[in-house]
Structure formats: structure tokens, C-alpha cells
Amino acid sequence: MSDLTLAVDIGGTKFAVGLVEPDGGVVAAERAATPQGGDAETLWETLTTLLDRLDLPAALAGVGVGCGGPMTWPEGEVSPLNMGGWRGFPLRARLAARFPGVPVRIHNDAICLAVAEHWRGAGRGSAAMLGMVVSTGVGGGLILGGRLIDGGTGNAGHIGHVVVDPEGPACGCGGNGCLEAIARGPGLAAWALTQGWSPFAGAWGEAVVEGGLYQEEGTATARRLAADAAAGDPIARTAMARAGRALGIAIASAVNLCDLDLVTVGGGLSQAGDLLFAPLEEALREHTRMGFAGRVRVVPAALGQDAGLVGAAALVAAGDRYWSPER
């Protein structure tokens, strides 16, 4: 049997597949844009086309999958919020039928990113860490005792729905004041617009127009917001500080609850640097006054575009830490 793991990373903007070595090295990868508005079989055919483009070995160590949620776990019937064509789609079962005789393991994509950082990224060596993703949504994964904590339904570490402002904005989950409602990129840009921010029309950050992180035709982007903040736009700077403080408050709650050593923050918004991390750190220190909590470090995630594949592969290649044997 080969020691290579087939890794699958499925998100709202791209599908990726790759072959990953036991040490986490990605030796081959294929990517394609997610078909917008595609039905169930169109989405599945996109994935199988990518798989056909890989030079697969005769045998695999297993198949690891990261996919947007919600999903039934560990059964792997997926209903990603940003892929309407898959509702209760039996992704794990479909892949198991295509690759019989090897384990097929699936988890939430944000959890896979956290696993990647613990296994081969900024969290290596930490026994107690939270890996976060701040992008179009806010998610995470929790490592305690050097092992991934799943929780009762596979959703442990979902810090995006920690309430940081009970009087805050409505969240897509149906609640109010969740971290995700305040700090997710599109929501942050929308808030700035209500405060009078005028993207693409001022003297701020003129160089950043194309390739925005949340680029949608005719709409503001979080990347543009960050660029304007860096250039000195007071509304954009206030927006970034607002997101940073919300993140710091949520992280403080996690640290006080779980006695964490480390928090890694990845995703597009994390690229804003001190504009985000300085107010995050200030709020974190305001709310971690117990001695044990003061030792936590918050650092940017270290892995790049292959992080999702690396984390998915870890479910197989390092399964003793990231996959419960009874699953």
C-alpha cells in the first residue's frame, strides 16, 4: 500500500485535491473554481474531474476531506452554506465507493485548517491551541492534550458563534452579536459602508482595486477596506479595530475556558497585520487577567494555500491525534 494520502479540500470558491506525503508535503495538486449555482452532480463531476487529473498510485493510505459545513459527522453528508447544490450530499460515501478498501475521513474545512497548523504549521509542539480562520466566515478547531477535540457533533472549536456583543448585529445563525457577525470580511465591509466609507472613490489605497479577497462585482471588498485602513482612512481603521477587538474578546473567552497556550489566526482578513492584531491583542489582555491565561500567544497562521490539503491529509496520516478510532 502507498504511504500517500489523497487530500480533498472543498470550499465555496475552489475545489482542490492533492497527494500528501506522511510528513505533510504536498507532492501533487489540482484545483478548479467551484461551479456557482451548480447542482449536486455538477459539483460531484467537478471533483471527479480533478481526481482524474491526478496521477494516483495503485493504492492509497486513505482519503482525507475538508468541506464547508454544516455536515453530519462523521457520516459525511454535507450541506455547505455556500453550495446550494449539495444538501445532504453523501460525500464520504461517494468517495468510499470510488476508493474501496481504504479509510475515508471527513471534517469541517475550518477544523482541517486548524489541524494543519498544529501538525505542520505555527502550532507545532503546542498541547493546547485554537486554530482560527477569519474569512467570509469565522471558524476554528480546538486542540487539547495534543489531540483534536471533536465535541458531540464534530463542531467543537466553532468560535465564530461565541457572543461578543449581545446587542450586536444579527448573525446568519439566527442569533445576535456573534463574533462571525462582526468580524467576517463581507460583514465588516458592509458595516464600514453604513459608517460612510466610500470604497474605490477616494484618495485612500488607490493601488488596490483588483483581486480583492472578497471580490464581487459592484461591491466593496474586505481587502480594499484593509488597504484603505493602512492608507489612513479613519472609517476603515475603525472597522478593522472593531473586528480586532471582537476577535480579542472571543479569544479571551476561549483561553479562560480551555487554558490555551496558543491561538493561530488564518484566513484572508488575518493578512491585515497590525491593523487587526494590535486591537486584538489589546482586547485579549483586557480580558485575560488570570495568571494562567496571560501566557497565551496569538500568531498568524503559517501555512499557505495548501493548508486545507495538509489538514485533510492529517486526518489519515496522523489520525491517532486528529481522528477518534471509534469513528
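The values are calculated or read from the model by the stated rules, or taken from the named source; none is laboratory data. Here the structure is a predicted model, which is why all the values come from computation and not from measurement. Ideal geometry is used to build each Cβ from the backbone, glycine not excepted, and the neighbour counts take in all protein chains shown.
Quick notes on this structure:
- Qualifying residue in segment 45-59 (condition: touching a helix residue (DSSP H, G or I) at 6+ places or on another chain (Cβ under 7 Å) and touching a residue at least 40 places away in the same chain (Cβ under 8 Å)): no
- Residue list for segment 31-45, filter: closer than 13 Å to MET83 by Cα, touching a strand residue (DSSP E or B) at 6+ places or on another chain (Cβ under 9 Å) and either hydrophobic (A, V, I, L, M, F, W, C) or part of a helix (DSSP H, G or I) (or both): ALA33, ALA40, LEU43, TRP44
- Looking only at segment 186-208, residues that are more than 24 Å from the chain's Cα centre (by Cα), among the hydrophobic types (A, V, I, L, M, F, W, C) and modelled with pLDDT of 80 or more come to 2 in all.
- Hey, ASP274 under 20 Å from VAL163 (Cα atoms) and surrounded by fewer than 20 Cβ atoms within 10 Å (Cβ to Cβ) or not: no
- Top-ranked residue in segment 276-322 [being of a type in the set (Asp, Glu) and outside any loop (DSSP other than H, G, I, E, B); ranked as nearest to GLY141 (Cα to Cα)]: ASP320
- Condition broken by GLY88, with the remaining ones in (1) modelled with pLDDT of 95 or more; (2) in contact with a helix residue (DSSP H, G or I) (Cβ under 9 Å, 6 or more places away or on another chain); (3) farther than 24 Å from ASP3 by Cα; (4) not acidic (Asp, Glu) satisfied: (2)
- Conditions (1) closer than 25 Å to GLY12 by Cα; (2) among the small types (Gly, Ala, Ser); (3) modelled with pLDDT of 90 or more; (4) not in a helix (DSSP H, G or I): number failed by GLY211: (3)
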